[in-house]
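Just below is one structure, and these are the notes that go with it.
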Amino acid sequence: MNLNRFLDVNPEVAEAIAQGKPVVALESTIISHGMPYPQNVETALNVENIIRQNGAVPATIAIIGGRLKAGLTKEEIEYFGKKGQAIAKASRRDLAVLCARGEDGATTVTTTMIIAHMAGIQVFATGGIGGVHRGAETTMDISADLEELGRTPVMVVCAGAKSILDLGLTLEYLETHGVPVIGYGTEELPAFYTRTSGFKVDYRIDTPEELAAAFKAQNDMGLGSGMLVTNPIPEEFSMDPKEINAAIDRAIGECKEQGIHGKATTPFLLARVAELTGGDSLASNIQLVYNNAKVAALTAKSYCGMN
Ligand code: PSU
Ligand code: MN
C-alpha cells in the first residue's frame, strides 16, 4: 500500500484492508466534543464492539502528536474522552498546521472522511453530521462536512442532522454538491432525536446489500463523491419533538446572545441541548450511534463481498 506519509494505520486495520475485509471508520470529535466523560469513552468502546459483532473491524480516527491515525487503542480513546474540548476540533483547514506542529486533533465528519479515504476505508458510522446553520444566509455558517461529502468517496451512516441546523437548506446544499441522501428504511430525513423532519430524502433503501450496491456503482463510475445514509433513531429511543425543539430554540438563543461563532458553535449547541434536556438526549444520542454502527458494519461487509 502506498500510504500518505502522515498516516499510521494500526496493524489490525491494515491487515483487514489488505485482505479485503470490512472496516468501519469512526470519528473522534463525537468523543471529545459530542458527549461528556465518561459516557463518551464507554460509548466509543461499545460502538467498536458492535462493529465487531456485526463482522467488521472498527477504525476510530484521530490525530495524535501530528500523526493521522486510523485505528486507536483503548488507551487512546480514553485519552480523547478525558481531554474532551481541550483537544482541538480538527476540520480540513486544520490538518496541515496540526500535523506540522505535531499536535493532537479530534476529527470531525470531514477529517474522518479524509483520513478514512487515505487509509482505504469506504464506510464510516457516526451520530449526526454538520450542515447549514439556521441564519446561514447572513452568517455563512455552513459545515465543511457538506463540502467533504461532495468530494470524498466515503459513505457516511448517520441519524440525519439535528434541527440546530436548517434541514431544508442542508438538503439543498447536498443536492448542489451531488451528494445522494438515502433514507434507510424511510422516505423522510430523520432529525437525529426524532425519526421524522418533514423533509424527503432522495431515495429510500431498505437493506445493507442495496446500500452497498448503490455505493459501489457510484465508486465504480468514478464520481468521486460521498454518500449520506440517514438511519432513523429506533422508535423506543426517539424523543418528543416538542421537548427537543424547545431546548434547541433556547440553546440557539443563548448562542447568539453570547456571541459564540465559528467552530465553537456546534459543540456549544450540542452541550446546551444535552444539559437542557437533562440527560434524556444523551441516552438517545448513544442509542442512535449504536444503531448506525450496525448498519455500517453490515454494509461494509456486503461491499467487500462485491469486490
Ligand atoms: N452533530 C452532532 N454531533 C456531533 C457533531 C455534529 O449531532 O458530534 C460534530 C461532528 O464531528 C461534525 C461536527 O462533523 O460536529 C460539525 O461541526 P461544524 O458544525 O463546526 O462543522
Ligand atoms: Mn461552522
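Summary of computed values
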read-out	value
For the chain: relative contact order, % (alpha-carbon pairs under 8 angstrom, 6 or more apart)	20 percent
Separation of alpha-carbon centers, the stretch 130-144 and the stretch 252-303, rounded to whole Å	17 Å
Charged-residue dipole, Cβ positions (Lys, Arg, Asp, Glu), the chain about Cα centre, Debye nearest 20	640 debye
Whether the stretch 1-45 is rounded, prolate or oblate, judged on the alpha carbon gyration tensor where a/c under 1.5 counts as rounded	prolate
Relative contact order of the stretch 1-97, defined on C-alpha pairs under 8 angstrom at six or more residues apart (%)	36 percent
Links that overshoot a 27 Å alpha carbon limit, given the list Lys82/Lys242; Lys162/Lys263; Lys69/Lys294; Lys89/Lys200; Lys74/Lys242	Lys82/Lys242; Lys89/Lys200; Lys74/Lys242
Normalised contact order of the stretch 144-275, rounded percent, pairs of Cα under 8 Å and 6 or more residues apart	30 percent
Glu147 paired with Arg67, simple spin-label distance in nm, labels 7 Å along Cα-to-beta-carbon	2.9 nm
Segments 206-213, 125-132 sorted - mean Cβ within 10 Å per residue, highest first	125-132, 206-213
By accessible area with a 1.4 Å probe, ligands and nucleic acids excluded, highest first: order of Ile233, Ile142	Ile142, Ile233
Heavy-atom surface of the stretch 228-307, accessible at 1.4 Å and reported per residue (Å²)	46 Å²
Alpha-carbon spread of the stretch 20-77, three principal axes, descending order, Å	31, 26, 17
Cα principal axis extents for the chain, largest first, Å	50, 43, 35
Coil-residue trypsin sites (Lys or Arg not before Pro) of the stretch 1-109, DSSP, other Cβ within 10 Å capped at 11	Arg5
Calculated over the stretch 78-169: convex hull of Cα atoms, volume per residue (Å³)	129 Å³
The stretch 1-153: Rg to Rh, with Rh as the Kirkwood radius over Cα pairs	0.96
Accessible area of the stretch 94-136 belonging to carbon and sulfur atoms, whole % at 1.4 Å probe	52 percent
Accessible-area composition of the stretch 145-203, carbon plus sulfur, in percent [1.4 Å probe]	46 percent
Within the chain, helix-based [θ] at 222 nm, where runs of 4 or more DSSP H residues each add -39,500 (n - 2.57), nearest 500	-14500 deg cm²/dmol
Two-site label geometry, Glu172 and Glu243: point separation in nm, points 7 Å out along Cα→Cβ	3.3 nm
Distance between the stretch 1-72 and the stretch 75-90 - C-alpha centres, whole angstrom	14 Å
Accessible surface, per residue, of the stretch 90-199 when the full set of protein chains is kept, probe 1.4 Å, Å²	35 Å²
Among beta bridges that DSSP assigns inside the chain, antiparallel share in %, nearest 5	30 percent
Listed peptides 221-227, 26-32, 39-45, 9-15 by packing density, highest first (mean Cβ within 10 Å)	26-32, 39-45, 9-15, 221-227
Projected-area mean, the stretch 172-290, by convex hull of Cα positions, square nanometres	8.6 nm²
Linear extension gain, Arg52 paired with Glu210, 0.36 nm per residue minus alpha-carbon span	54.8 nm
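The values are calculated or read from the model by the stated rules, or taken from the named source; none is laboratory data. Note that the structure is a prediction, hence the values are computed from the model and not measured. Heads up, the Cβs are rebuilt from the backbone with ideal geometry, glycines too, and the neighbour counts pull from every protein chain shown. For the accessible areas, the whole protein counts, side chains as well, though only heavy atoms, and no ligand, DNA or RNA atoms are used. Shrake-Rupley method; radii C 1.70, N 1.55, O 1.52, S 1.80 Å.
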